[in-house]
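Structure first, commentary second.
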Amino acid sequence: MKILVTGGAGFIGSNFIHYLLDRHPDYDVVNLDKLTYAGNLENLQSVSGNSHYSFIKGDIADADLVRGIMDRGMDAIINFAAESHVDRSILEPASFIRTNVLGTQVLLDVARERHLPRFVQISTDEVYGSLGPTGRFTEDTCLCPNSPYSASKASADMIALAYHRTFDLPVLVTRTSNNYGPYQFPEKLLPLVITNLMEDRQVPLYGDGMNVRDWIFVKDNAEAIDLVLHKGKEGEVYNIGAGCESTNLSLIQGVLDVMKKPDSLITYVKDRPGHDRRYAIDPSKIRNILGWSPRTMLQDGLRKTIDWYTKNTDWWKRIKSGEYLKYYEKNYTPKGL
Ligand code: NAD
Ligand code: TDX
């Protein structure tokens, strides 16, 4: 197969490309990525010489560029490209609408023109909104997004599924819970906490710290996406989650324990506006129909992740010393960090 992966220089996309090239060494993978602040070709250094892998710097919203790539005879698009950080969507929503909604629409239009056999839209559990203390999101849960980020992702899902129903485009959608693992940009909770703790800096905990997220090791998500690509049914949505719920406070306490750091490094800060209280994915559909199950549970995955950031200090130190500093100041300084 020839596969166009968009956003492959980001966290999940780069992990997915590593997975795909290992699992299917005869596949050709083209990575189209705009290299925003979140895109990092260092994530793909070890495959840069692989003759089955190529990189194109560009925007998914550039229809002519996407047409040119499709003319190489692609069999599938897997659309990871997105603005992905909720806090940034609160500071500046416009780029989220542009890339996540309009960019996806451009990809869908070109896919339609070129009769693409498979289009996998990578989405998130955040489109379902916030849960109370019980229950889990199924694929039939109504969409109720609360942040500009999740609203842009919900829009893209609905447009993609509408292209299936209206134009018969072979679209599949995956909705995954919070991913963690190697190469995650240190603005997201876990890499922020791990790297701050490595420097004995305070870690910011929003609100009362009791918001719940459902954590999945990124390689398990890559395996699930690969299954959906090959065996999923067109027009269907697949929830992907590992059943690892945790409050943010107990997650951070787990990291403090492994890293042998004191609780006094936690600083409670002002809450995120519109902060969703709880997410939890019901993965029964992908488990029962496609036979997927996660391999890595939270404790083991946390250790692997902490170990990766410990061994790759150059990777995150380069990021944290650049443009990222300006964002960190804008998001956290007024709240006392
Ligand atoms: P990320 O921010 O680490 O990476 C996004 C990548 O997209 C970057 O390499 C960036 O350069 C690229 N990009 C951004 N705008 C682009 C554009 N206009 N054209 C081409 N490339 C562009 O994000 P991530 O955490 O790897 O998330 C990947 C996908 O998975 C996103 O669609 C996100 O919504 C979804 N998702 C993420 C999580 C999570 O926990 N991280 C969970 C569920 C779903
Ligand atoms: O400094 C922080 N302190 C804190 O308490 C940060 C950055 C986050 N938090 C909280 C907010 C959330 O409850 O931790 C939780 C996780 O926050 P993020 O890492 O920002 O992730 P979240 O908002 O849950 O969204 C993530 O999962 C779903 C990804 O960023 C999205 O791209 C994905 O769709």
If you roll a 1.4 Å probe over the heavy atoms of the protein chains, what accessible area per residue do you get for the chain, in Å²?
-> 41
In whole angstrom, largest first, the equivalent ellipsoid semi-axes that the Cα gyration tensor gives for the stretch 82-234 are 30, 17, 16
Between 99, 149, 275, whose Cα lies farthest towards the positive end of the dipole of the chain when Lys and Arg beta carbons carry +1 and Asp and Glu beta carbons carry -1, centred on the Cα centre?
-> 275
Amide H neighbours of residue 271 under 5 Å, counting only residues 5+ apart in sequence or on other chains, H built in-plane at 1.01 Å?
-> 207
When ranked by the protection proxy of mean other Cβ atoms within 10 Å per residue, highest first, what sequence do the peptides 31-42, 12-23, 274-285 form?
-> 12-23, 31-42, 274-285
Once phi for every residue in the stretch 289-302 is put through the Karplus expression 6.51 cos²θ - 1.76 cosθ + 1.60 (θ = phi - 60°), the whole-Hz ³J(HN,Hα) values, with Gly and Pro written as x, are 8, 9, x, 7, 8, x, 9, 10, 8, 4, 4, 5, x, 4
Under 5 Å, built H, 5+ apart or other chain: amide partners of residue 58 | 33, 34, 35
So, with a 1.4 angstrom probe, what is the percent of accessible area on the stretch 11-90 that is carbon and sulfur?
-> 46
Cα extents of the stretch 107-158 along the three principal axes, largest first, in whole Å?
-> 46, 22, 13
Give, in nm to one decimal, the length gained when the segment between residue 115 and residue 329 is fully stretched (0.36 nm per residue of separation minus the Cα-Cα distance).
-> 72.4 nm
Unit charges at the beta carbon, dipole of the stretch 181-234: most positive-side option, 193, 232, 211 | 232
Calculated [θ] (222 nm, deg cm²/dmol) that DSSP helices of n ≥ 4 give over the chain, each run adding -39,500 (n - 2.57) | -11500 deg cm²/dmol
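Which semi-axes, in whole Å and largest first, does the equivalent ellipsoid of the chain have when worked out from the alpha carbon gyration tensor as the square roots of 5 times its eigenvalues?
31, 22, 20
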Net charge (Lys, Arg +1; Asp, Glu -1) of residues whose beta-carbon lies under 14 Å from that of residue 143, residue 143 excluded, is -4
With every protein chain in place, the stretch 178-337: carbon and sulfur % of accessible area (1.4 Å) = 50
Residues with amide H under 5 Å from that of residue 245, placed H, sequence gap 5 or more = 215
Overall dimensions of the stretch 85-171 by Cα: Rg and Dmax, Å = 14.1, 46
What is the dipole size for the chain, taken about its Cα centre, with +1 at each Lys and Arg Cβ and -1 at each Asp and Glu Cβ, in debye to the nearest 20?
-> 380
Per residue Cα convex hull volume in Å³ - calculated over the stretch 203-326 = 158
Quick one: P(r) of the stretch 1-125 from all Cα-Cα pairs, 10 Å bins, percents rounded to integers, in order of increasing distance.
-> 13, 48, 32, 7, 0
Computed over the Cα atoms of the stretch 60-117, the Rg and Dmax in Å are 12.9, 39
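The values are calculated or read from the model by the stated rules, or taken from the named source; none is laboratory data. What you are looking at is a predicted structure, and each value in this text was computed from that prediction instead of being measured. Cβ sites come from the backbone with ideal geometry, for glycine too, and all protein chains shown count toward neighbours. We work out accessible area using only protein heavy atoms, side chains counted, and drop any ligands, DNA or RNA first. Shrake-Rupley method; radii C 1.70, N 1.55, O 1.52, S 1.80 Å.
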